[in-house]
Amino acid sequence: MTSFNQQDGALHCEGVSLEAIAQTHGTPTYVYSHTAIKDAFLSYQNAVGDHPHLICYAVKANSNLSILRTLATLGAGFDVVSVGELERVMVAGGDAGKVVFSGVGKTASEMRRALEAGIKCFNVESEAELRLLAAVAEQMACSAPISIRVNPDVDAGTHPYISTGLRENKFGVDVASARDLYRFADDAPFLEPVGIDCHIGSQILDVAPFITALHSLLGLIDDLAEDGISLDHLDVGGGLGVSYESAAPAVADYVSALTEHIADRQLELLFEPGRSIVAMAGALLTEVLYLKPGDVRQFAVVDAAMNDLLRPSLYGAWQEIQAVKPRAGNAETWDIVGPVCETGDFLGKDREMVLEQGDLLAVMGAGAYGFSMASNYNSRPRPTEVLIKDSTVHVIGRRESITDLWRSEEIPPEIA
């Protein structure tokens, strides 16, 4: 059941009117449902059941401290791709011992900080990275827990920008190379092979590619056992899609399809979901500034833009757009566009709606890769973020002021 629904002719979130939120906090504003986030996380926890597991939320999807705190309280682990994300997790009360560190470009300083914090595992993506990590760990006289991210050359059928499991992608190493790296790590005095990792992409709407990738990992695990290398965990990555437009697999079906293949193995199962935890828990609230009819296209110019929500412009992504207070009448076809000086600045095209100037719209499914990808392009302050819990609205990210835009900048005296 969605936390966003129509009540008394207006869109609400957890019983709170989005119209009231706009009146109090202005627009654009990101609105998140605490209940939806909690329920989405627990859908993974409950589906895995008694099998040893850790659900590592992918921080890049939405890194707001209050959302991280919510998940940490539920016992979540975290998947991070930068030292900044690691620090966010710890500030929010997350356990560094439940953190896996992914990403193809970890620096030596990031490795040192992660080792100091005592993270669960580094997901290593190349031989060069593994050798640098070994050197850093030796300098610190400590052991670095590692898994190798395996690229199984599986086509997940998703957008090329978020496909990560093909040979042509920058992520991970092939199966044969991974075996060699495990042998190197097993012999290295300051490396400890503890797991194996695979992530084939995001927004995958079919379980079959996950199973194909899993079989590739299990084959490698058996080969490593012949080499005398035993692992503690299997990380299947994230990537389960959400239903922006097309139907997505149920989390329970996805999880059961994986667990049935490892039920007889003594392996902790790690997941790295991000989008499927927070996407449908959020909406971007925006106001129609102008209606601009035309002979070829009709434009509804709103006060949210590509700097606030980049997915439509970057990926051509489709997200549902609802009127907060739907109007009766004959619907017309509108492109919902923002004020940024780019033709690519749109939130949705060809939407059948009854609109008037001043109407409030909600871009649904905006909890993931919305605010976390927002920028100040065109010198636009980033939006307010609010989290609704038990019918109470909490500001969890204040709207930037104009002066915030240049707070970190300086004009040296020498500049005339």
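The values are calculated or read from the model by the stated rules, or taken from the named source; none is laboratory data. Since the structure is predicted, the reported quantities are computational estimates derived from the model, not experimental observations. Every residue, glycine as well, gets a Cβ built from its backbone with ideal geometry; the counts of neighbours run over all protein chains shown.
Has the stretch 390-404 got at least one residue that is modelled with pLDDT of 95 or more, among the hydrophobic types (A, V, I, L, M, F, W, C) and loosely packed, with under 11 Cβ neighbours inside 10 Å?
The answer is yes; a qualifying residue exists.
When the residues of the stretch 208-260 are filtered to those that are of a type in the set (Ser, Thr, Tyr) and farther than 20 Å from Leu42 by Cβ, which remaining residue is surrounded by the most Cβ atoms within 10 Å (Cβ to Cβ)?
Step one: list which residues in the stretch 208-260 are of a type in the set (Ser, Thr, Tyr), which gives 212, 216, 230, 243-244, 246, 254, 256, 259.
Filter once more, so that each one left must be farther than 20 Å from Leu42 by Cβ: 212, 216, 230, 244, 246.
Working: Thr212: 16, Ser216: 21, Ser230: 13, Tyr244: 18, Ser246: 10.
So the residue we want is Ser216.
Would you confirm whether any residue within the stretch 73-90 is in the same structural domain as Ala263 (by TED's automatic domain parsing), among the charged types (D, E, K, R), under 21 Å from Leu234 (Cα atoms) and touching a helix residue (DSSP H, G or I) at 6+ places or on another chain (Cβ under 7 Å)? Walk me through how you get there before you give the answer.
Residues of the stretch 73-90 in the same structural domain as Ala263 (by TED's automatic domain parsing): 73-90.
Applying the additional criterion that residues be among the charged types (D, E, K, R) yields 79, 85, 87-88.
Pick out the ones that are also under 21 Å from Leu234 (Cα atoms) and you get 79.
Subset that is touching a helix residue (DSSP H, G or I) at 6+ places or on another chain (Cβ under 7 Å): 79.
Yes: the stretch 73-90 contains one or more residues that are in the same structural domain as Ala263 (by TED's automatic domain parsing), among the charged types (D, E, K, R), under 21 Å from Leu234 (Cα atoms) and touching a helix residue (DSSP H, G or I) at 6+ places or on another chain (Cβ under 7 Å).
Would you please name the residue that is surrounded by the fewest Cβ atoms within 10 Å (Cβ to Cβ), looking only at residues in the stretch 87-117 that are among the acidic types (Asp, Glu) and either at pLDDT below 95 or part of a helix (DSSP H, G or I) (or both)? Step through it out loud before you land on a result.
Taking the stretch 87-117 as the starting set, the residues that turn out to be among the acidic types (Asp, Glu) are 87, 95, 110, 116.
Applying the additional criterion that residues be either at pLDDT below 95 or part of a helix (DSSP H, G or I) (or both) yields 87, 110, 116.
On the way: Glu87: 14, Glu110: 20, Glu116: 11.
Here the residue is Glu116.
Residues to consider are Tyr57, Tyr30, Tyr44; find the one that is surrounded by 21 or more Cβ atoms within 10 Å (Cβ to Cβ), among the aromatic types (Phe, Trp, Tyr) and farther than 27 Å from Tyr254 by Cα. Explain how you work it out, then say what you get.
On the way: Tyr57 fails: farther than 27 Å from Tyr254 by Cα; Tyr44 fails: farther than 27 Å from Tyr254 by Cα.
Selected residue: Tyr30, the only one of Tyr57, Tyr30, Tyr44 that is surrounded by 21 or more Cβ atoms within 10 Å (Cβ to Cβ), among the aromatic types (Phe, Trp, Tyr) and farther than 27 Å from Tyr254 by Cα.
Name the residue, out of Asp350, Asp295, that is assigned to a strand (DSSP E or B) and exposed (fewer than 15 other Cβ atoms within 10 Å of the Cβ).
Numbers: Asp295 fails: assigned to a strand (DSSP E or B).
Just a single option satisfies the conditions, and that option is Asp350.
Looking for whichever is part of a strand (DSSP E or B), under 26 Å from Ser3 (Cα atoms) and assigned by TED's automatic domain parsing to the domain that holds Gln23 here; the options are Ala305, Ala328, Ala362, Ala317. Which one fits?
Working: Ala305 fails: part of a strand (DSSP E or B); Ala328 fails: part of a strand (DSSP E or B); Ala317 fails: part of a strand (DSSP E or B).
None of the others qualify; the one that does is Ala362.
What is the residue count in the stretch 66-78 for residues that are surrounded by 15 or more Cβ atoms within 10 Å (Cβ to Cβ) and assigned to a helix (DSSP H, G or I)?
First pass over the stretch 66-78, keeping only residues surrounded by 15 or more Cβ atoms within 10 Å (Cβ to Cβ): 66-72, 76-78.
Now drop any that are not assigned to a helix (DSSP H, G or I), which leaves 66-72.
So the count comes out to 7.
Go through the residues of the stretch 237-248 one by one and say whether even a single one is outside any loop (DSSP other than H, G, I, E, B), aliphatic (A, V, I, L, M) and at pLDDT 85 or above. Step through it out loud before you land on a result.
Kept after step one, since they are outside any loop (DSSP other than H, G, I, E, B), are these residues of the stretch 237-248: 240.
Narrowing the set further to residues that are aliphatic (A, V, I, L, M) leaves 240.
Then keep just the ones that are at pLDDT 85 or above; that gives none.
Scanning the stretch 237-248 turns up no residue that is outside any loop (DSSP other than H, G, I, E, B), aliphatic (A, V, I, L, M) and at pLDDT 85 or above.
If only one of Glu342, Glu356 is more than 30 Å from Thr403 (Cα to Cα) and surrounded by fewer than 16 Cβ atoms within 10 Å (Cβ to Cβ), which one is it? Give the derivation first.
On the way: Glu342 fails: more than 30 Å from Thr403 (Cα to Cα).
Answer to the check: Glu356.
Among the candidates Gly49, Gly9, single out the residue that is under 24 Å from Val324 (Cβ atoms) and surrounded by fewer than 20 Cβ atoms within 10 Å (Cβ to Cβ). Let's see the steps before the verdict.
On the way: Gly49 fails: under 24 Å from Val324 (Cβ atoms).
Sole residue among the options that is under 24 Å from Val324 (Cβ atoms) and surrounded by fewer than 20 Cβ atoms within 10 Å (Cβ to Cβ): Gly9.
What's the number of the condition Asp206 fails, among (1) assigned to a helix (DSSP H, G or I); (2) modelled with pLDDT under 95?
(1)
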